[in-house]
Amino acid sequence: KKVGSYKLTVTGMHGNKAYTKRTKTVTVKVVNKKAPVIYGVPTAVLNLKTTDNKTLSLLSGVTAKTATGVNLTPYLKVTVNGKAASGNYTFNKPGTYTITYTVSVPNGSLSKSVSRKVVVTEPEPEIPTPPETTPDTNTEL
């Protein structure tokens, strides 16, 4: 059954000689005890250089659902290194960044978090190549 409340009717007999029929209606509540699922967060570390000046759309392609398929994407919360973030984020300073996606079911009883790492480094300095020299063949000794 799907998550929700259902009424059941239970009928019983008392003994097999005297037939007594009693009917009782009870409400059974089916609840979800599985954590939500977050989809679309890449697992690979993203390696960037500061000169890439890369801007990521943090929620692009990321969705969330309950284990029973209810869309929870509007409830996704995103942090970068523990600070709330949304929309786009530009990675242009050296460091290791942890993007964390968290979603909770509306009543807050179940939640799930998934993280992705972004490592930004300075580019290697260019070492100038000395110009090629050719020997002067017109030189007298």
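The values are calculated or read from the model by the stated rules, or taken from the named source; none is laboratory data. These figures come from a predicted structure and were not determined experimentally. Reconstructed Cβ throughout: ideal geometry from the backbone, glycine too, with neighbour counts over all protein chains shown. Each accessible area value is taken on the protein alone, full model and side chains, heavy atoms only, with ligands, DNA and RNA left out. Shrake-Rupley method; radii C 1.70, N 1.55, O 1.52, S 1.80 Å.
Taking a ≥ b ≥ c as the square roots of the eigenvalues of the Cα gyration tensor, region 53-141 is prolate, since a/c reaches 1.5 or more and a/b is larger than b/c.
Label sites at Asn47 and Ser60, each approximated as a point 7 angstrom past Cα along Cα to Cβ, lie 2.2 nm apart.
In region 33-141, carbon and sulfur make up what percent of the accessible area (probe 1.4 Å)?
Details: 4040 of 7770 Å².
It is 52 percent, rounded to a whole number.
For a quick check: with amide H placed at 1.01 Å from N, whose amide H comes under 5 Å from Lys54's, ignoring anything fewer than 5 positions away on the same chain? Correct list: Phe91.
Placing a pseudo-label 7 Å from each Cα along the Cα-to-Cβ vector at Thr9 and Lys29 gives an inter-label distance of 2.5 nm.
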